[in-house]
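The values are calculated or read from the model by the stated rules, or taken from the named source; none is laboratory data. Owing to the predicted nature of the structure, the values given are computational and were not obtained by experimental measurement. Note that we place each Cβ from the backbone using ideal geometry, even for glycine, and neighbour counts take in every protein chain shown.
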Amino acid sequence: MKESNNYFFYHKDSKRNIVPVEDEQKNEEAKIKIKEILEKHKQELPQEFRENVDKLKLYSPKGNVKEAHALILNAEDGAYDLKNKLNCMTGKEWTKFTCSWFIFNALPSDLKEEKSLNLNTEEHPATYSPTMVSEFIKYFTKEGDNVIDPFVGIGSTLVACKRTGRNGFGIELNPKYYEICKERVPEFAENIFNADCRDIDKIDLPPINYSISSPPYWDVLNRSTDGFREEREDKGLDFKYSESSKDLGNISNYDEFLKEVCSVYFKLYDKLSTGAYITIIVKNVKKEGKMYPLAWDMARILGEKYVLKDERIWIQDKIGLSPYGYPNSWASNILHHYCLILRKE
Ligand SMILES: C[S@@+](CC[C@H](N)C(=O)[O-])C[C@H]1O[C@@H](n2cnc3c(N)ncnc32)[C@H](O)[C@@H]1O
């Protein structure tokens, strides 16, 4: 048995590498077990595994065929455990995502794709990357699951759903962004609602398996500094979401904003299936020289209904620093966001 195609059984060696088991008898038993697994569980496997059944190997870290409950497609990508209830990831991919922080900057490939889906994507003043969101969606759902973004904007979350084979839903108040969103993901057009997301309880939705969203960061866009507003105005682009009184980004009182934004996620709770996670991407913000701990306040308030599971910190390290406060007082450049992770348990 020299060719890797002849091996059907892998284990972890003393150096913790995943390697073939050099035992003909065990490989024969593994071949039979793979066939049995495919007969019973083929539809539950990740798409790539389903499409490459001839290349699958059985895996048991300790090399025990009877106890084995994981499959390998490429040894270097790790093994997919048949007991995985949460996602379609191998153990290796799962572990990689669990770092409590990550660095992510806008990708030219994302921007290129955005432009090809709709030329007006630059109209929106604060979008996030479908590539970044895809990583969350892949971790917190399986293929075919329902994902909702109640502040969907121009639909970056739904582009991520399309890329990862999930079913996307979204709510957006501004009719202009709603139209761009539908153009970017026409396959989800019937799942996109031009509405105030505080009315989410009145929208007919199937049980939702996961939600990822980024609400307005209070009224920061209404008082943008550092040339952001002037630059966008010069190009004829929006520098705020809208003039609407229903736009949460137009609420100037902090406590009122906090109450309203949390009310959306409290109502979303009833739309989620039990065990579903939600991720909210948000920042602590500053106003008139004082910090308002928006991320921490939302975590505390929503933690009264959801279980607050964790935070992942998203760091942007390619944005230039401005001399805020110089030469009188302390004022940081806030270049990190909190990805709050909560669960309906
Ligand atoms: C930070 S942006 C989200 C952008 C989105 N993640 C994207 O990449 O396109 C917040 C969005 O919430 C929308 N919004 C504000 N108030 C809303 C409300 N009451 N109901 C629904 N959407 C609202 C804004 O118009 C804006 O598009």
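Things to note:
- Contact annotation: residue pairs with Cβ atoms under 6 Å, 6 or more positions apart or on different chains, pairing a residue in the stretch 41-57 that is within 18 Å of Glu143 (Cα to Cα) with a partner that is of a type in the set (A, V, I, L, M) and not in a loop (DSSP other than H, G, I, E, B), are Val53/Leu38.
- Close Cβ contacts (under 7 Å, 6 or more residues apart or on different chains) running from residues in the stretch 190-204 that are touching a residue at least 60 places away in the same chain (Cβ under 8 Å) to residues that are assigned to a helix (DSSP H, G or I) and aliphatic (A, V, I, L, M) comprise Cys197/Val264; Arg198/Val264; Ile200/Val264; Ile200/Leu268.
- Of all the numbered requirements in (1) of a type in the set (Ser, Thr, Tyr); (2) part of a loop (DSSP other than H, G, I, E, B); (3) touching a Leu at 6+ places or on another chain (Cβ under 7 Å), Ser14 misses one, and that requirement is (3).
- Options Leu117, Leu107, Leu111; residue that is hydrophobic (A, V, I, L, M, F, W, C), under 16 Å from Arg184 (Cα atoms) and touching a residue at least 12 places away in the same chain (Cβ under 8 Å): Leu117
- Filter pass, Val285 being within 27 Å of Gly170 (Cβ to Cβ) and either more than 21 Å from the chain's Cα centre (by Cα) or modelled with pLDDT under 95 (or both): yes
- Test set (1) assigned to a helix (DSSP H, G or I); (2) exposed (fewer than 11 other Cβ atoms within 10 Å of the Cβ); (3) polar (S, T, N, Q) - Asn27 fails condition number: (2)
- Scan of the stretch 319-334 for residues that are hydrophobic (A, V, I, L, M, F, W, C) and surrounded by fewer than 14 Cβ atoms within 10 Å (Cβ to Cβ), ordered by number: Ile319, Leu321, Trp330
The rows are residues; the columns are (1) at pLDDT 95 or above; (2) surrounded by fewer than 22 Cβ atoms within 10 Å (Cβ to Cβ).
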{"site": "Pro150", "(1), (2)": "yes, no"}
{"site": "Glu172", "(1), (2)": "yes, no"}
{"site": "Pro186", "(1), (2)": "yes, yes"}
{"site": "Ile192", "(1), (2)": "yes, no"}
{"site": "Asp201", "(1), (2)": "yes, yes"}
{"site": "Asp238", "(1), (2)": "no, yes"}
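- Hey, Ala70 in the same structural domain as His11 (by TED's automatic domain parsing), within 30 Å of Lys309 (Cα to Cα) and touching a strand residue (DSSP E or B) at 6+ places or on another chain (Cβ under 7 Å) or not: yes
- Residue check for Phe257: more than 20 Å from the chain's Cα centre (by Cα), under 20 Å from Asp196 (Cβ atoms) and free of Cβ contacts under 8 Å to residues at least 60 places away in the same chain: yes
For every residue, the table says whether it meets (1) hydroxyl-bearing (Ser, Thr, Tyr); (2) buried (at least 16 other Cβ atoms within 10 Å of the Cβ).
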residue	(1), (2)
Ala195	no, yes
Ser213	yes, yes
Arg223	no, no
Ser244	yes, no
Asp255	no, no
Cys262	no, yes
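- Residue satisfying condition, being basic (Lys, Arg) and within 23 Å of Asp297 (Cβ to Cβ), within set Lys176, Lys162, Lys246, Lys202: Lys246
- Residue within the stretch 109-128 that is within 15 Å of the chain's Cα centre (by Cα) and assigned to a loop (DSSP other than H, G, I, E, B) present: yes
- Residue within the stretch 236-248 that is in the same structural domain as Pro125 (by TED's automatic domain parsing), part of a helix (DSSP H, G or I) and within 30 Å of Val307 (Cα to Cα) present: yes
- Some residue of the stretch 79-99 being among the aliphatic types (A, V, I, L, M), modelled with pLDDT under 95 and not assigned by TED's automatic domain parsing to the domain that holds Asn209: no
- Among the residues making up the stretch 79-108, those that are in contact with a strand residue (DSSP E or B) (Cβ under 7 Å, 6 or more places away or on another chain) and either loosely packed, with under 15 Cβ neighbours inside 10 Å or small (Gly, Ala, Ser) (or both) are Ala79, Leu82, Gly91, Ser100, Trp101, Phe102, Ile103.
- Enumeration of residues in the stretch 236-252 that are farther than 24 Å from Leu342 by Cβ and either without any contact (Cβ under 8 Å) to a residue 60 or more places away in the chain or touching a Ser or Thr at 6+ places or on another chain (Cβ under 7 Å) (or both): Gly236, Phe239, Glu243, Ser245, Asn250, Ser252
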